[in-house]
Structure formats: structure tokens, C-alpha cells
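For reference, the structure discussed in these notes is given below.
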Amino acid sequence: MENTLFPISMEMHIGFALIALLVFGLQFIRLRKKYYLLLAIAIPCSLLAYVIDNTTFFYALGIAEAIVLLIAFILAKTVDRDKTVENAADADAEPENSEEDTESEKFTEIPTEPVETDVNEAPAELVEAAVQEDAE
């Protein structure tokens, strides 16, 4: 097949397909959204145009790629979007108070009332230590 059918060279096409496979594959593993998996498979499949030298196959592959991209777009706007909304709703829900929460709140809570102390008063232990140092 002629190399003028693609706007980029074969080397750039292979590089683009590998980067797309890596990025969309990692996104699918991380976020578990179906359209990332579709894109991770569909974009590298466009390299089949270099393997099979048939005009009919080339156009069939183009139509198949367009259909897969359309399905990925629909999934992104419907099915996978619902999961994102549910996850956001779960995150916004107030967590129940548990013992762990109350224990951690003790350490993160900032006192709002000022503590009145006399700066000139020293703890008894420090006074005793100072007296012992002076005695030596």
C-alpha cells in the first residue's frame, strides 16, 4: 500500500501507537474505565494497515477504527461517567465516627482557648536540674 495514505511516517505511527498503548493501558489499570481499554487496543490495531496490503482491508480497518472510537466516546460519556459520579458521591458522604477517627482527631485538633501560663514559672524538674548543676 502506498505510504501517502497516512499523514505521518511509519516510524512515527509505530511510536505513536506504542505510546498510546502504554498510556491508555496504564490509565485502564489505574482507573478501570472501559474506554481506556478500547483505546489501548484500537490505536495499535491501526498498524495492521502496514501488514495486510489490501485496499478493501484498509478501508474496513478505517471504518472499524471509527466505530471503536465512537463506542469509546459513548462509554466515556455514559457508563464510565456514572462510575465517576458514584465515586464522587461516596467521597462526599460523611464517614461514620469510629474509634480510629476519634483517636486521630485528638492529635490533629487545635485548641481554641488560650492556655494561660506564667513564663517565669519553671517546672520543678528543671529547677532541680539547675540547682544540681550549680552545686557541682
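Counting only residues that are surrounded by 12 or more Cβ atoms within 10 Å (Cβ to Cβ), modelled with pLDDT of 90 or more and farther than 25 Å from residue 11 by Cβ, the range 39-86 holds 6 of them.
For the range 29-38, how many residues meet the condition of being surrounded by 12 or more Cβ atoms within 10 Å (Cβ to Cβ) and either acidic (Asp, Glu) or assigned to a helix (DSSP H, G or I) (or both)? Selection size over the range 29-38: 6.
The values are calculated or read from the model by the stated rules, or taken from the named source; none is laboratory data. The shown structure was predicted, so the numbers you read here are calculated from the model rather than taken from an experiment. With ideal geometry, Cβ positions are generated from the backbone for all residues, glycine too; neighbour counts draw on all protein chains shown.
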